[in-house]
Amino acid sequence: MEKEPLLMLPGPVPVPERVRAAMVRQAINHRGAEFGAAYAACVATLKKLFGTNNDLFVISGSGTAGMEAAVGNFGRNRKMVSLINGKFGERLWKIGERYGNVTAVPSDWGTPLNLAALESALEEGAEVVTMVHNETSAGIRNPAQEVGRMTRKYDALFIMDGVTSIGGDLVEVDKWGVDVAIVGSQKCLAAPAGLAALSVSRRAWERIGKELPYYLDLAAYRKNAANSPMETPYTPAVPLFLALKEACAIIEEEGIENRVHRHRQMARAVRAAAGAWGLPLFPKTDAVHAYSETVSAICIPEGISDKDLRGTVKKLGIEIAGGQDHLKGKIFRIGHMGAVGAPELIATLGAVQYTLRKCGLKPQDDGVMAACEVLG
């Protein structure tokens, strides 16, 4: 019997058996009480993970659908600024180009954002700012609190992609001044792919566009969410909602503080292993930018190909991620998000360490032991 591979990617992540089982049942009425209760339960937990009392909705679509919903409802025909230091910051910028007047404020992938340029753009009248909180393409966590402070100073809206931080790292939407925040189901929530959730502040509702998308019309989501039972405006992916409900139940059982601690501990363990191997982490941090707590981007040493590194690890039954776009062949990324813990992480680090040695690298020290010291 062929075994399932262990996915140690920055999404999708392994889905717990309880979550998978929630989908294997007869269809239910998506206008009925059972679905409404499931939707409401998801929203209750997600609000805790977002750190918000704002309205929150779940849409049938990936994290990118959530990104487009945010920009399409609140950025159309407005002066937007997109902060970019990775692939998903670029994606928000490209979505912005479809809806209005957007200016890119780029930095090299994995380097600090240009906050001085952002402030200049705000002084010149920018009305909406987009930013990725946790840029998985480069393994860097961006300063949401600082950006939120700046957008409030200049009375601009702040759209934050929290697709790979919410549910795995500390996020405080209301405290940070985030007007629209987004998460994807297949990342830290450890649910199947295909759902996105968005929170919307009162300030954002006051500035919602006059021309709205059809399927991603958040005003329609707001109207239907107020029904009893709670509903979505269009037919939802019911099995995914039921799976998300179970994933949220698991989160509640673990406790959010414990969940954040677990993710941070795994991140520290990977960083310890990389240091023991003598491999530098890819991102450049500073006083406000930090290493991601849900994915680690590590430089591939000279003389080892991406194919040999990830290919060998995959033969051992574990999938890790490579670099994207111009970073292909330059970095590898280990996802440590969702429901995984020490057993999965140690297996992954053991596979990577074996591969490095097989490919001719002589690590400075034992990375697996260094990780175990953190996790123990």
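The values are calculated or read from the model by the stated rules, or taken from the named source; none is laboratory data. Owing to the predicted nature of the structure, the values given are computational and were not obtained by experimental measurement. No Cβ is skipped: glycine too gets one built from the backbone with ideal geometry, and neighbour counts run over all protein chains shown.
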> Going through the range 45-81 one residue at a time, which ones are outside any loop (DSSP other than H, G, I, E, B) and out of contact with any strand residue (DSSP E or B) (no Cβ under 9 Å at 6 or more places or on another chain)?
Replying inline: THR45, LYS48, GLU68, GLY72
> part of a strand (DSSP E or B), under 15 Å from ILE159 (Cα atoms) and out of contact with any Asp or Glu (no Cβ under 8 Å at 6 or more places or on another chain) - does that describe any residue in the range 122-134?
Replying inline: yes
> Just to be sure, is VAL295 touching a residue at least 40 places away in the same chain (Cβ under 8 Å), farther than 21 Å from ALA190 by Cβ and of a type in the set (A, V, I, L, M)?
Replying inline: no
> Among the residues of the range 228-242, is there at least one that is within 21 Å of the chain's Cα centre (by Cα) and outside the structural domain of PHE35 (by TED's automatic domain parsing)?
Replying inline: no
> Hey, among the residues in the range 257-291 that are buried (at least 16 other Cβ atoms within 10 Å of the Cβ) and of a type in the set (Val, Ile, Thr), which one's nearest to LEU49 (Cα to Cα)?
Replying inline: VAL260
> Looking only at residues in the range 198-216 that are under 10 Å from ILE59 (Cα atoms) and part of a loop (DSSP other than H, G, I, E, B), which one is farthest from the chain's Cα centre (by Cα)?
Replying inline: TYR215
> If you take the residues in the range 1-59 that are among the β-branched types (Val, Ile, Thr) and over 25 Å from ILE208 (Cβ atoms), which one is nearest to the chain's Cα centre (by Cα)?
Replying inline: VAL13
> When you go through GLU34, GLU4, GLU90 one by one, which is the residue that is in contact with a strand residue (DSSP E or B) (Cβ under 9 Å, 6 or more places away or on another chain) and farther than 13 Å from LEU198 by Cα?
Replying inline: GLU90
> Which of the residues belonging to the range 182-195 are within 11 Å of LEU46 (Cα to Cα) and hydrophobic (A, V, I, L, M, F, W, C)?
Replying inline: ILE182, VAL183, LEU189
> From the list ALA290, ALA237, ALA276, which residue is modelled with pLDDT of 95 or more and touching an Asp or Glu at 6+ places or on another chain (Cβ under 8 Å)?
Replying inline: ALA276
> Are any residues in the range 324-376 at positive phi, in contact with a strand residue (DSSP E or B) (Cβ under 8 Å, 6 or more places away or on another chain) and exposed (fewer than 14 other Cβ atoms within 10 Å of the Cβ), and if so, which ones?
Replying inline: none
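Can you confirm whether the range 267-288 contains a residue that is outside the structural domain of ALA22 (by TED's automatic domain parsing) and on the phi > 0 side of the Ramachandran plot?
yes
Can you name every residue in the range 223-245 that is in a helix (DSSP H, G or I) and under 21 Å from THR52 (Cα atoms)? I'd like the intermediate steps shown before the answer.
Residues of the range 223-245 that are in a helix (DSSP H, G or I), as a first pass: 223-225, 238-245.
Selection gives LYS223, ASN224, ALA225, PHE241, LEU244, LYS245.
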> For the range 95-107, does any single residue satisfy the condition of being part of a helix (DSSP H, G or I), of a type in the set (A, V, I, L, M, F, W, C) and more than 19 Å from LEU56 (Cα to Cα)?
Replying inline: yes
> Looking at the range 266-376, what helices (runs of 4 or more DSSP H) fall wholly within it and have at least 1 residues that are touching a Leu at 6+ places or on another chain (Cβ under 6 Å) and over 25 Å from GLY86 (Cβ atoms)?
Replying inline: 342-358, 367-375
